[in-house]
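Report on one structure; see the data block that follows.
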Amino acid sequence: MVEGLVIAVIAVICVCAVFAMASARVVKQYERGVVFRLGRLREGIRGPGFTLITPFVDRLSKVNMQIVTMPVPAQDGITRDNVTVRVDAVIYFKVVDAADALIRVEDYRFAVSQMAQTSLRSIIGKSDLDDLLSNREKLNQGLELMIDSPSIGWGVQIDRVEIKDVSLPETMKRSMARQAEADRERRARVINADAELQASKKLAEAAGQMSDQPAALQLRLLQTVVAVAAEKNSTLVLPFPVELLRFLERATPAETAQAVEAASAALRSEPPPAPKTSDDAPRAASGTREKQALETQPGEKEAVEKRQGRERTTV
């Protein structure tokens, strides 16, 4: 009798232990528990910690409440300006209502992923290439609104959507590189032309100041000579008087020829020749040619003298 009672007590204890083990559940801090009793949702979401359910009657489903980072597969599309691009993105979302995430949608992760892909394709078709490359913040906001609108009923909140990369065809990359290079070259030429214009204005002002004071030009020339001589080189600099250039510029060809003849005579220690008039020019040329002929051919001296006599008679 006693042995039967002991066995019964042990059996009851074992059954209670099995029942306790079957009904005990632990919900983690970042999770929420949703209880279904015979397939029917029970009110109240189980918080983190230890909780009990009715074995073989209740079923506890845990929902992760952390922010989920989900990459969106790269999508091929054609922009509004007819450029083929390949765009991928990343989406951040979290569950705000555990019951709706289990009841209203079969798999909220798959649903959010598909919605993100279709929304990304739609954004590509509505945008220009320049917007995809430079105005991503606006596109991210538009993409977030497109995904967040249907996901509200699923108990999911879209936290952030970011476009990661925009892949362009090789031909488009080369075209954009040429365009950027041409733009940089244009800006360089404009800057160079502006610098030349400013320099020319300053040089014109400097020339105006030097024209009033001729000595300033000489000082500038000496300064240039000093600057060149300061360098360690083997170049010999001989300054050329500016007044001499001005004299040669004002002088006529006849005066220039006289100056050259005078310089030559001075070098030979001979008196300078008399100035020649315009009437004596042909005669001087004829005399020079006859003198050369006499020097080269002595036998024709008499013929040359006769020719000179005829010319004097004619004159």
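Annotations
- Spin-label model, Thr51/Ala216: points 7 Å from Cα along the beta carbon direction are separated by 9.4 nm.
- Solvent exposure of region 148-214 as accessible area per residue, Å², 1.4 Å probe: 75
- For Ala193 and Ala180, the difference between the fully extended length at 0.36 nm per residue and the C-alpha to C-alpha distance is 2.7 nm.
- You can think of it this way: the chain between Ser149 and Ile10 has 44.2 nm of extra reach, that is 0.36 nm per residue less the Cα-Cα gap.
- With R₀ set to 41 Å, the beta-carbon distance separating Leu38 from Ile78 gives a calculated FRET efficiency near 0.20.
- Annotation for region 52-157: chymotrypsin sites (Phe, Trp or Tyr not before Pro) lying in DSSP loop with at most 14 further Cβ atoms inside 10 Å of their Cβ are Phe56.
- Across Lys138/Lys173; Lys28/Lys164; Lys62/Lys138, pairs whose alpha-carbon gap is larger than 28 Å: Lys28/Lys164; Lys62/Lys138
- Percent carbon-and-sulfur accessible area, region 61-139, ignoring ligands, DNA and RNA, probe 1.4 Å: 47
- Per residue accessible area in Å² of region 43-147, where ligands, DNA and RNA are left out and the probe is 1.4 Å: 55
The values are calculated or read from the model by the stated rules, or taken from the named source; none is laboratory data. None of the values given here were measured: they were computed from a predicted structure. Neighbour counts are summed over all protein chains in view; Cβ atoms, including those assigned to glycine, are modelled from backbone coordinates with ideal geometry. The protein model used for the area step is the full one, side chains on, heavy atoms only, and it has no ligands, DNA or RNA in it. Shrake-Rupley method; radii C 1.70, N 1.55, O 1.52, S 1.80 Å.
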